[in-house]
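Enquirer: Before we start, here is the structure in question, set down as C-alpha cells.
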Amino acid sequence: MKAGILALQGAFREHREVLDALGAEVVEVRLPQHLAGIDAIVLPGGESTTIERLLGTSGLRGPLSGVLAEGLPALATCAGLILLATEVRDGRPDQDPLAVIDCAVRRNGYGRQRESFEVPLDVRGLHGGPFPGVFIRAPVIERTGPAVEVLAEHAGDPVLARQGALVVATFHPELAGDMRLHQWFLNEVS
Amino acid sequence: MAKCRIGHFAEAQVLQALGVDYVDESEVLTPADEAHHVDKWAFTVPFVCGATNLGEALRRISEGACLIRSKGEAGTGNIVEAVRHLRSILGDIRKLTQATPEELFGWAKTLQAPLELVQEVAGRGELPVPMFCAGGIATPADASLVMQLGAQSVFVGSGIFKSSDPPGRAKAIVEATTHFRDADILVKVSRGLGEAMPGDEIETLDVKLAERGW
C-alpha cells in the first residue's frame, strides 16, 4: 500500500505519523510527479484557500482532479473536504473547489477558533466504541447528494461521509490518538 | 492572530472576548510585566509565544502556550538571530535525547524548565507543540533555510511589508515554504521579486526585542 499525502500546507505531518504507524508506504505529494504509483491519497486539514492556491502554482490541480475522477481512493479531512466539495458556503469569492463529492460545505460552520471542540462520535460500521471527534474551526456539511452515504453525525449534521472511494470528515482523525479510521480507510476503501 | 504584551492578561482577555483565533504574547510590544508571563491555561483561545532557547520554550509551554515561535530579531530583515535561536533549541533537543535519566535532572536545572517536560522532550526528540520560525525572514531562501534547519513553518511580517513588492514576495515565500527542499522551485519563485527589505546589523540595534521574556 503506497499512500500519498497532499503536503502543500496544513496537518500533513500528523496524517503521515498515523499512516507510518499503520505500515503504509507514505509519499508526500507536492508536485504532479509525486502522484505516480500511489494507491490512495490523504487530503489534510489546513487553510483551504492557501491549499487551493498552492494546488494551482504547483501544477497539481489538474492531475489531482484527474486521478480522483478515475477513482483514486481519498480521505479528505476538514479543509481537505472543502477542496473536494461541489459547493462551498462562506468561502472567498474566488474559491474554486475540485467539486468531486456532491455536498455543500460551510466554512468555519461552528464559529471561530475558540468554538473548537471535542466530542465522541458513533461511526457506522466502526467497531470498538465511539471515535474521538476533534473539531477545529470545522466546516459543516449542510447538504449531501444522493450518492453520498453519511457514516457519522453530530448535532444532526453529517461529520463523516462517503461517496464511493472518497471519504470526507469535518473533524481531524489524525489528532484523535485513535488510528481506526485510517485503518478502515486503508483496508476497506483502498 | 493578535498580539498582547508579555504578562498583560487583561489585554489577552479582551482579545479572547473579541474572538481572535490566536493570541501572540509578543516581545515586539513593550512588556507589561518584568517577571511573569500570562497564565495561558486560564484561557480557551490558543496562545503562541516566542523563545530564544529550549528553556524559554519549555517555560512558555508549561504556562500553556500551544505553539512556539523561535524569536529571531523582529523587524531587522537579518536572519542570523533566527538561525541562532533555532540551532540552540533544536541542538539542545538533540542533546537531551542522548542524556541519561540522571543527567535529565541536571538539564532541568540548567534549562530552568519543569523536569516532566524535559523528560518528555528527551523521549520524543521534539517539542510537544509545533514550532514556527520568525524574526528576520526576508527572502524565499531564508524560509527554505529555517525549514531545512527544522522549523515546521514560518511567520513573516516586515520582510514582506518593507519589500518593494509585498504581494509578490508573500506569494514567493509561501511557495518556498511548501517546496523548501526543491532548489529549482526556489530559483523560479525568487526571480523578479524586486528589492528585499534592507537588513539591519544586530550590533547596531538600540533595543534587542528577543531579550524580552523571562
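Enquirer: Please state the charge dipole magnitude for the stretch A:1-157, taken about the Cα centre, from unit charges on C-beta atoms (+1 on K and R, -1 on D and E), reported in debye and rounded to the nearest 20.
Expert: 380
Enquirer: Let me ask you something else. P(r) for the protein assembly as shown, please, calculated from all Cα pair distances in 20 Å bins and given in %.
Expert: In whole percents, the pair-distance histogram is 25, 57, 18, 0.
Enquirer: Between A:Glu17 and B:Arg181, what is the label-to-label distance in nm when each label sits 7 Å out along the Cα-to-Cβ direction?
Expert: 1.9
Enquirer: Using unit Cβ charges (K, R positive; D, E negative) and no other charged atoms, how large, in debye to the nearest 20, is the dipole of the protein assembly as shown about its Cα centre? Walk me through the intermediate numbers first.
Expert: On the way: 38 positive and 53 negative charges, 86 e Å.
For this selection, approximately 420 debye.
Enquirer: A further question on this structure: Residues of the stretch B:171-198 losing 20 Å² or more of accessible surface, assembly versus chain alone, probe 1.4 Å, please list them.
Expert: The answer is B:Val174, B:Glu175, B:Thr178, B:His179.
Enquirer: Classify the stretch B:86-128 from the C-alpha gyration tensor, please: rounded if a/c falls under 1.5, else prolate or oblate depending on whether a/b exceeds b/c.
Expert: Rounded, because the longest to shortest axis ratio a/c is under 1.5.
Enquirer: Just report the Cα centroid separation between the stretch A:75-94 and the stretch B:69-146, whole Å.
Expert: Computed from Cα coordinates, the inter-centre distance equals 35 Å.
Enquirer: Only Lys, Arg, Asp and Glu count, each charged at its Cβ (+1, +1, -1, -1), so figure out the dipole size of the stretch A:70-190 about its Cα centre, rounded to 20 debye.
Expert: With Lys and Arg at +1 and Asp and Glu at -1, about 260 debye.
Enquirer: Can you pull the one-decimal nm distance between simple spin-label points at A:Val189 and A:Glu149, each 7 Å off the Cα toward Cβ?
Expert: 1.2
Enquirer: If you roll a 1.4 Å probe over the heavy atoms of the protein chains, what accessible area per residue do you get for the stretch A:2-189, in Å²?
Expert: Working: 7490 Å² over 188 residues.
Per-residue value: 40 Å².
Enquirer: Which of the residues in the stretch B:132-158 show a loss of at least 40 Å² in accessible area from their chain by itself to the complete set of protein chains, at a probe of 1.4 Å?
Expert: B:Gln152
Enquirer: Could you tell me the extents of the stretch B:71-193's C-alpha atoms along the three principal axes, largest first, rounded to whole Å?
Expert: 55, 27, 19
Enquirer: I'd like to know which of A:Thr50, A:Gln183, B:Ala42 lies farthest towards the positive end of the charge dipole of the protein assembly as shown, counting +1 on Cβ of Lys and Arg and -1 on Cβ of Asp and Glu.
Expert: Among A:Thr50, A:Gln183, B:Ala42, the one farthest towards the positive end of the dipole of the protein assembly as shown is A:Thr50.
Enquirer: Can I ask one more? Let me know the shape class of chain B, please: from the alpha-carbon gyration tensor, a ≥ b ≥ c as square roots of the eigenvalues, rounded when a/c is under 1.5, otherwise prolate if a/b is greater than b/c, or oblate.
Expert: oblate
Enquirer: Let me make sure I get this right: for the stretch A:2-189, a, b and c are the square roots of the gyration tensor eigenvalues over alpha carbons, sorted descending. Under 1.5 in a/c it's rounded, otherwise prolate if a/b > b/c, else oblate. Which is it?
Expert: rounded
The values are calculated or read from the model by the stated rules, or taken from the named source; none is laboratory data. What you see is a predicted model; the values in this text were computed from it and never measured. Methodologically, a virtual Cβ is constructed for each residue, glycine included, from the backbone with ideal geometry; neighbour enumeration extends over all protein chains shown. To get the accessible areas, we keep the full protein, side chains included, count just its heavy atoms, and leave off ligands, DNA and RNA. Shrake-Rupley method; radii C 1.70, N 1.55, O 1.52, S 1.80 Å.
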